[in-house]
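J.: Got a structure here, written out as structure tokens. Questions coming.
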Amino acid sequence: MNPSTLYFSRAGNLRKALLFALFAAAALALAWFEHAERVAPPPTIGLPGMEFPAPAPRDNGVLGPLQIPFLLLLGSASLFYVGRFGLRVVRGGVAARIEGHALHLHGSYGAASPVLVSDIAEMIVDRADRLPGEGGGGAARIGARLRHGLYLRYRSADGDGEVRLLDNDVEGGVDQLRRFAGQLDAWRRSAAV
């Protein structure tokens, strides 16, 4: 594999797309069930010769009216990530490449223009939970212990930026990330001379 290019992993991005599709389906199903429960008439219990009063409506508390919009928002955000990872599965392509003393990142990483190798201020390859930047909590932190990533902080005309490339996003996993980081470091040292 070329150490100066990182390609998107179709399998890793497919797993992520399926996971977020599951989150979206669960959130939208819960919103539907909540809506159906609110609009359905309360059941009446009746026996021949006796009629019981309808049960009291469930008290949803102060945040009750916000449950359905929150679930819809959560489902929509999950669908956004399904689309992002799904496009990576369908299109494949280059996540990052070093070419002509510049680092070219895929548009989904937020760098609009190539970053000069000499403008990279910090580069770390480590377990994902030890990398600076996006933290996350709880389950995300536990999952991050199983992942490795490449963290880059850089200066550009648009201001400072940072990017995290994870091993399950790219073909070759952590080994390819380490080779890419070594290549990037060699370019940085040659630009500093």
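Since every read-out is calculated from the coordinates, none of them should be taken as a lab result. Keep in mind it's a predicted model, so treat the numbers as computed, not measured. We place every Cβ from the backbone using ideal geometry, glycine too, and count neighbours over all the protein chains shown.
J.: How do ARG91, ARG155 rank when sorted from fewest to most other Cβ atoms within 10 Å of their own Cβ?
T.: Fewest to most other Cβ atoms nearby, the residues stand as ARG91, ARG155.
J.: To continue, here is another question. Positive end of the charge dipole of the chain (Lys, Arg +1 and Asp, Glu -1 on Cβ, about the Cα centre): tell me which of ALA17, THR5, ALA36 has its Cα farthest that way.
T.: The one lying farthest along the dipole's positive direction is THR5.
J.: Going by average Cβ density within 10 Å per residue, which order do the peptides 63-76, 156-169 take, highest to lowest?
T.: 156-169, 63-76
J.: Given contacts defined as C-alpha pairs under 8 Å and at least six residues apart, what's the relative contact order of the chain, whole-number percent?
T.: Normalised by residue count, the contact order of the chain is 27 percent.
J.: Related question: Once Rh is set to the Kirkwood radius over Cα pairs, what Stokes-Einstein translational diffusion coefficient, in µm²/s, holds for the stretch 5-192 at a temperature of 37 °C and a viscosity of 0.692 mPa s? Working shown, then result.
T.: Working: Rh = 19.8 Å.
Roughly 165 µm²/s, to the nearest whole number.
J.: Can you work out ³J(HN,Hα) from phi for every residue in the stretch 142-157, in order, using Karplus 6.51 cos²θ - 1.76 cosθ + 1.60 and θ = phi - 60°, giving whole Hz and x for Gly and Pro?
T.: 3J(HN,Hα) across the stretch 142-157, in whole Hz: 5, x, 5, 5, 8, 9, 10, x, 10, 9, 10, 10, 9, 9, 8, 5.
J.: Please work out the FRET efficiency for the pair SER118 and HIS35, using the Cβ-Cβ distance as r and a Förster radius of 45 Å; give the result to the nearest 0.05.
T.: Working from the Cβ atoms, E equals 0.20.
J.: Here's another thing I want to ask about it. For the chain, give the magnitude of the charge dipole about the Cα centre (Cβ charges: +1 Lys/Arg, -1 Asp/Glu; no others), in debye to the nearest 20.
T.: Numbers: 21 positive and 18 negative charges, 113 e Å.
The dipole of the chain has a size of about 540 debye.
J.: Moving on to the next point. In the chain, which helices (entire DSSP H runs) extend 27 Å or more along their own long axis, judged by Cα positions, while averaging at least 1.0 on the Kyte-Doolittle scale?
T.: Passing helices, by number: 67-91.
J.: Okay, moving on. Whose amide H sits under 5 Å from the amide H of LEU116, counting only residues 5 or more places off or on another chain, with H placed in the peptide plane?
T.: Residues meeting the criterion, in which the H sits 1.01 Å from N, are LEU103.
J.: Using helices alone, I'd like the mean residue ellipticity at 222 nm for the chain: each DSSP H run of four-plus residues gives -39500 (n - 2.57), total over residue count, nearest 500.
T.: -14500 deg cm²/dmol
J.: Could you please rank GLU51, GLU171, placing first whichever residue has the fewest other Cβ atoms within 10 Å of its Cβ?
T.: Going from least to most buried by this count: GLU51, GLU171.
J.: Sorting check: for 144-151, 30-37, which peptide has the highest mean count of neighbouring beta carbons within 10 Å, and how do the rest follow?
T.: Descending packing order for the listed peptides: 144-151, 30-37.
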